Amino acid sequence: MTGIEKIVMKIEDDCKATCDEIITQAQNEAKVILDNAQIAAEKAKKETIEAAIIKCKTDIELSESKAEHENKKAILAAKIRIINEIIDESMQKLKNLPDVEYFNVITMLINRYAQNGRGVLHFSKKYLDRLPRDFETSLNKIFTGSEKSFVISNESLPIDGGVVIVYDDIEQNCTFDSLLNASLDEIKDELYQEIFMRDGI
């Protein structure tokens with residue numbers, strides 16, 4: 001082997017050794033990169049799963065909260081409907097009482113809201129036609145010795161139950177609807193307490 005051939009062989013061996021070293025280093029670096037990538041991927045996967053779990057829990061909690069809210073709204077609406085039905089039914093029963101009972105209620109109203117002076121009683125045509133013949137006389141006997149007296153007007157008013165008492169320019173609205181509206185909130189509160197709170201419903 002000549003000197004030149006030895007030199008060429010030495011160069012080739014050195015190049016091969018250098019290439020092998022570069023390849024080995026590149027493979028090691030590639031492995032590190034791949035390992036890091038796998039770690040990062042696992043971390044990202046774990047974080048994604050955890051985020052998804054948190055979101056699912058949040059969505060479930062929101063759904064449960066919304067469902068509970070809607071359920072409470074539905075229950076409250078049902079309670080309000082029941083109370084309104086009770087009030088409506090009671091009003092209809094009151095307006096359709098037998099004549100004696102009905103005008104006993106009217107007498108109680110007049111007695112409660114009567115003022116000094118001569119009051120003119122106004123009824124609807126329906127109840128004016130049902131008026132007992134001696135109603136005015138019987139009513140005034142109750143107030144004998146007082147400064148209160150009443151006369152029944154023959155002019156009917158478009159009212160549905162109850163009576164309107166007029167003292168000159170002062171009008172005392174004792175119709176059932178007016179009296180109900182004046183204390184409707186209080187009545188509803190009392191009914192709510194009586195029906196639903198008493199037994200913890």
Checklist entry - Which of the residues spanning segment 150-201 are acidic (Asp, Glu), touching a residue at least 24 places away in the same chain (Cβ under 8 Å) and farther than 21 Å from residue 125 by Cα? => result 168
Checklist outcome for this item: Going through segment 111-145 in order, the residues found to be within 46 Å of the chain's Cα centre (by Cα), within 19 Å of residue 155 (Cβ to Cβ) and of a type outside the set (Val, Ile, Thr) are 119, 121, 122, 123, 124, 125, 126, 127, 128, 129, 130, 131
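So which residues in segment 150-185 are among the polar types (S, T, N, Q) and not in a strand (DSSP E or B), if there are any at all?
Within segment 150-185, 153, 154, 156, 178, 181, 183 qualify.
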Item to check | Per-region count, segment 144-183, residues closer than 16 Å to residue 128 by Cα and of a type in the set (S, T, N, Q) | outcome: 4
Next on the checklist: Just to be sure I understand, how many residues within segment 136-149 are part of a helix (DSSP H, G or I) and closer than 22 Å to residue 170 by Cβ?
Outcome noted: 4
Next on the checklist: Out of 141, 93, I need the residue that is under 26 Å from residue 79 (Cα atoms) and free of Cβ contacts under 8 Å to residues at least 12 places away in the same chain. Which one?
Outcome noted: 93
Checklist outcome for this item: Checking 62, 97, 76 in turn, the sole residue that is at pLDDT 90 or above and of a type in the set (A, V, I, L, M) turns out to be 97
Checklist entry - Restricting attention to segment 168-199, which residues are within 30 Å of residue 158 (Cβ to Cβ) and surrounded by 14 or more Cβ atoms within 10 Å (Cβ to Cβ)? => result 172, 173, 174, 175, 176, 177, 178, 179, 180, 187, 188, 191
Item to check | Answer residue from segment 124-150, given it is of a type in the set (A, V, I, L, M, F, W, C) and closer than 13 Å to residue 107 by Cα and is surrounded by the fewest Cβ atoms within 10 Å (Cβ to Cβ) among those | outcome: 142
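The values are calculated or read from the model by the stated rules, or taken from the named source; none is laboratory data. Being a predicted model, the structure only gives us computed values, none of them experimental. Glycine gets a Cβ as well: all are built from the backbone with ideal geometry, and neighbour counts include every protein chain shown.
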